[in-house]
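Visitor: One structure is given below, represented as structure tokens, and several questions about it will come after.
Derivation of every value follows stated rules applied to the coordinates shown; laboratory data play no part. Not measured: the values here are computed from a predicted model. Glycine also receives a Cβ, built like all others from the backbone with ideal geometry; neighbour counts cover every protein chain displayed.
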Amino acid sequence: MEESMTNILEIKDLCVEVEGKEILRDLDLIIPEGEVHALLGPNGSGKTTLMMTIIGYPGYEIIGGQILFNGEDIAALDITERARLGIGVSQQRPPTIAGVKLRQVLDFVIANAPQRAQEIDELAQAFQMESFLERDVNAGLSGGEIKRSELFQLLITRPRFVMMDEPDSGVDLEAMSVIGHMTNELLARNHATRPKERRTGLIITHTGNILDYVHADRAHVMIEGCIGCSGNPHILLDQIRKQGYEECVRCELRRRRE
Amino acid sequence: MSKISTVLRRVAKLISPGQVEPPDAKVMSSVGIHIEGQDRSGTYILRDFYPLCALGQTDGLELLPIADALEKYAWLREKYYWQAVPADLDEYTARCAAEPEPQGYFVRVKKGAKTPFPVQACLYITQGNVTQTVHNVVILEEDAELHLITGCATRTGVRSAVHLGVSEHYIGRNAKLTNTMVHSWGPDVEVYPRSGTIVEAGGTFVSNYISLRPARSVQSNPRTWLNGEGASAKYTTIILGSRGSTIDTGGDVYLNGKNSSAELAHRAVCTGGRIYQRGLLVGNAPGCRAHVDCAGMLLDAGENGFIEAVPGLRALHPEARMSHEASIGKIAPEQVAYLQSRGMSEREAISLIIRGFLDADIEGFSPKLDARIAEIAELAGHGEE
């Protein structure tokens, strides 16, 4: 039977400014429900800007185009409203918050869903996060620990659509395998699941290392603020690993001239 | 075992704390006074000018209205009264000294005694435009231990009053006094606490001051003399300032004992009004250590609002080790956004961050006090008048 797929995310002609400078230009992107897409691209191409704009961080100003989440234009919604719609993020360099314990973030989730208390305790145990709970949010954590803490919070908040910014940067091989496992758990890809049962995701990765652990359905290469090309993640990553992003930039410039 | 003071002037009889009227009980509970007396080893309540209740419930603890104690013990006046706070310190102490009939509490914990629960003292104002003067003396004999909770508040609806409070603390060898003072005043109240503490060898003084509702004016500079070897003091001051209030809190500590140590931590959240964070540590003994830390969060300076941090150090001995730090900042927007991205509302996020700021590096707060801090965070986060 044919699965009827809806698009969780639909971005049309998106232009975004940060501090008066245009970072994203006429960007289009569609992510159907249950798919995981990888967003590749050189540093400074606008990957993080796209993610921050989707979650609605202050300072990322939409000057053109649309972001539809599950068919709804979310431009007028603040971060809280977007988070409650089901958009979740794992940041590359999240802020530390002195005096605020990770436990208090969990307590907030539990206060709104008391029936989940036990499940959340079990998740903390299963992912060996207990020692993090009494520490200040993100304070004194190593690169790998920050990723784990971020992914753990997403496992707890269970957003419908998950964005991850460089879950594989600054992480050693051992931690990488843990992060890969957590990401698959988060996206419901550890077990044989039908596409509709999977969570939708967008994984930002410069190196593509995470894709050795997590299978993406599709990849996009971002070049200078827009999507240069899209396709099979393995093929794209293979080319990038052989020829570098320089070739992508040349290719994109050729395309724009034509 | 209970002792109810029987020597009473002008007031027919003292009542038990449970007889306090419910609306007053509610206010008192907000400053840490448990009217039912649960988890308390003693209760003293001063309502306006007369004691309502003075009840010590533990062996080794003596709790009396100060006037009764002065009558009972000649040595109190000779050896203690006005020794840690000079009567001629300023106009406010002079005013207290001139009272023909002093009000306040006398608390003595005898040698080696430890009260199982805190002793609570409530200084309560029910009428507008009055001046309440209080003189308290606390004596901890050798090896004694006491947690004293002082809750000061005005009855709901009372806007204006003056509170003058002299407190003298005498901490004997290896004794430990923890004094937690919680203030919740009407918006036009003026408060001038004057406190002096003398600590003998091995003794410890822990002072926590929390101002929950900002009065128009609070000016306080508690002084502590660490006279004995290894004596220590730790002050923590948590202030919420809002429009129209001036809150000036300090703390002088004289480190005279060998290896004595002092730590002052100021935390202030300003939603308007003027906040001064002071402190002067005077190192005058070999091996003494002192640190003062002022941290302020300026949410909304409002008109003429500010936080001014003046941490002070004075070293008189070459082997004194002394340090200070001070920082003032706003709430970081990326922290708010981060917590919002987990589903919190902006207000919930701000409250949590303020609470974290007030909690940071401060140990030893009971859950009740944590609840007070949460309340400050809530008030500050919501910008209540």
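Visitor: So if I average 1/r over every pair of distinct C-alpha atoms in the range A:1-125 and take the inverse, what Kirkwood radius in Å does that give?
Guide: 16.8
Visitor: What share of Cα pairs, in percent, lie more than 16 angstrom apart in the range B:221-330?
Guide: When every Cα pair of the range B:221-330 is considered, 55 percent fall beyond 16 Å.
Visitor: Can you give the net charge of the other residues whose Cβ lies under 9 Å from the Cβ of residue A:89, counting K and R as +1 and D and E as -1?
Guide: -2
Visitor: Between residue B:156 and residue A:112, what's the calculated FRET efficiency when r is the beta-carbon distance and R0 is 30 Å? Round to 0.05.
Guide: Computed FRET efficiency for residue B:156 and residue A:112 comes out at 0.40.
Visitor: Under 5 Å between amide H atoms, partner at least 5 residues away or on a different chain: which partners does residue B:229 have, H built in plane at 1.01 Å?
Guide: Residues meeting the amide H criterion: B:201, B:202, B:258.
Visitor: Binned at 5 Å from 0, what are the whole-percent values of the Cα-Cα distance distribution for the range B:163-223, short to long?
Guide: Binned Cα distances yield the sequence 5, 16, 26, 21, 14, 10, 6, 3, 0.
Visitor: May I have the convex hull volume per residue, in Å³, for the Cα set of the range A:203-258?
Guide: Spread over its residues, the Cα hull of the range A:203-258 gives 79 Å³ apiece.
Visitor: If you don't mind, another one. Give me the Å³ per residue figure for the convex hull around the C-alpha atoms of the range B:1-220.
Guide: Working: hull volume 24.2 nm³, N = 220.
Per residue, the Cα convex hull of the range B:1-220 comes to 110 Å³.
Visitor: Let's test the formula: R0 of 22 Å, r as the Cβ-Cβ distance of residue A:12 and residue A:194. What FRET efficiency results, to the nearest 0.05? The partial results should precede the final answer.
Guide: Working: r = 29 Å, r/R0 = 1.30.
The calculated FRET efficiency here is 0.15.
Visitor: What percent antiparallel are the DSSP beta bridges of chain B, to the nearest 5?
Guide: Approximately 10 percent, going by the DSSP bridge assignments.
Visitor: May I ask you to compute the full-extension gain from residue B:300 to residue B:91, defined as 0.36 nm times their residue separation minus their alpha-carbon distance, rounded to one decimal in nm?
Guide: 71.9 nm
Visitor: In the calculated pair distance distribution of the range A:103-258, what percentage of Cα-Cα distances lie above 25 Å?
Guide: Pairs farther apart than 25 Å: 39 percent.
Visitor: Taking H as built 1.01 Å from N, whose amide H comes closer than 5 Å to the amide H of residue B:126, not counting residues under 5 places away?
Guide: Residues meeting the criterion, in which the H sits 1.01 Å from N, are B:48, B:155.
Visitor: Taking θ = phi - 60°, what integer Hz values does the Karplus form 6.51 cos²θ - 1.76 cosθ + 1.60 yield along the range A:84-97, in sequence order, with x for Gly and Pro?
Guide: Listing the rounded values in order: 6, 6, x, 9, x, 10, 10, 8, 6, 10, x, x, 8, 10 Hz.
Visitor: What does the structure give for A:52-62 when I average, per residue, the other chain Cβ atoms found within 10 Å of the residue Cβ?
Guide: Details: counts 2, 0, 0, 3, 3, 6, 5, 3, 0, 0, 0.
Across the residues of A:52-62, the mean count of other-chain Cβ atoms within 10 Å is 2.
Visitor: Evaluate E = 1/(1 + (r/R0)^6) for residue A:85 and residue B:310, where r is the Cβ-Cβ distance and R0 equals 56 Å; express this FRET efficiency to the nearest 0.05.
Guide: Calculated transfer efficiency: 0.70.
Visitor: I would also like to ask the following. ³J(HN,Hα) across the range A:206-220 via Karplus (A = 6.51, B = -1.76, C = 1.60, θ = phi - 60°), whole Hz, x for Gly/Pro?
Guide: In residue order, the calculated couplings are 7, 8, x, 4, 4, 6, 6, 10, 10, 7, 9, 7, 7, 10, 10 Hz.
Visitor: If you take every residue apart from residue A:115 with its C-beta less than 15 Å away from the C-beta of residue A:115, what net charge results, scoring Lys and Arg +1 and Asp and Glu -1? Each step should come with its number before you reach the end.
Guide: Working: positive: A:116, A:158; negative: A:107, A:119, A:121, A:122.
For residues surrounding residue A:115, the net value is -2.
Visitor: A follow-up question, please. Between residue B:71 and residue B:327, how many nm apart are label points set 7 Å from Cα along the C-beta direction?
Guide: 5.5
Visitor: Can you say what percent of the DSSP beta bridges in chain A, counting only those with both residues inside, are antiparallel? Round to 5.
Guide: Here the share of antiparallel DSSP bridges comes out near 60 percent.
Visitor: Using a cut-off of 14 Å between beta-carbons, work out the net charge of the residues near residue B:199 (Lys and Arg +1, Asp and Glu -1, residue B:199 not included). Don't skip to the end; give the middle numbers.
Guide: On the way: positive: B:173, B:176, B:223, B:234, B:258; negative: B:141, B:142, B:143, B:145, B:168, B:200, B:229, B:252, B:263.
Charge balance in the 14 Å sphere: -4.
Visitor: Then there's this: Based on Cα positions only, what radius of gyration and what Dmax would you give for chain B, in angstroms?
Guide: In order Rg, Dmax, the Cα atoms of chain B give 20.4, 66 Å.
Visitor: Right, something else. At 222 nm, what helix-only mean residue ellipticity would chain B give, in deg cm²/dmol to the nearest 500, using -39500 (n - 2.57) for each DSSP H run of four or more?
Guide: Calculated at 222 nm, the ellipticity per residue is -4500 deg cm²/dmol.
Visitor: How much length, in nm to one decimal, is gained on full extension between residue A:130 and residue A:22, taken as 0.36 nm per residue of separation minus their Cα-Cα distance?
Guide: Working: separation 108, 0.36 × 108 = 38.88 nm, distance 4.23 nm.
Result for the pair: 34.7 nm of gain on full extension.
Visitor: Continuing with this model, one more query. Report D for the protein assembly as shown in µm² per second (integer): Stokes-Einstein, Kirkwood Rh on Cα pairs, 20 °C, 1.002 mPa s.
Guide: In µm²/s, the coefficient is 76.
Visitor: May I ask you to give the average projected area over all directions of the convex hull of the Cα atoms of the range A:118-192, in nm² rounded to one decimal? Spell out each step's value before the answer.
Guide: Working: hull surface 21.8 nm².
About 5.4 nm², averaged over all directions.
Visitor: Based on C-alpha coordinates, I'd like the Rg and Dmax of the range A:166-236, in Å.
Guide: For the range A:166-236, the Cα-based Rg and Dmax read 12.8, 37 Å.
Visitor: Could you give the nm distance between label points at residue A:242 and residue B:129, where each point is 7 Å from its Cα heading toward the beta carbon?
Guide: Here the modelled spin labels are 9.3 nm apart.
Visitor: Here is a further query. May I ask what percent, to the nearest 5, of DSSP beta bridges between residues of the protein assembly as shown are antiparallel?
Guide: Given both bridge residues lie in the protein assembly as shown, the antiparallel proportion sits at roughly 20 percent.
Visitor: Taking 0.36 nm per residue of separation and subtracting the Cα-Cα distance, what length does fully extending residue B:16 through residue B:48 add?
Guide: Fully extending the segment from residue B:16 to residue B:48 adds 9.8 nm.
Visitor: So what are the ³J(HN,Hα) numbers for the range A:62-70, from phi and the Karplus equation (6.51, -1.76, 1.60; θ = phi - 60°), rounded to whole Hz, Gly and Pro as x?
Guide: Result, ordered by residue: 7, 9, x, x, 9, 10, 9, 10, 6 Hz.
Visitor: Name the long-range amide H neighbours of residue A:64: under 5 Å, sequence gap of 5 or more, or other chain; modelled H, no Pro or chain starts.
Guide: Amide H neighbours of residue A:64, under 5 Å, 5+ apart: A:15.
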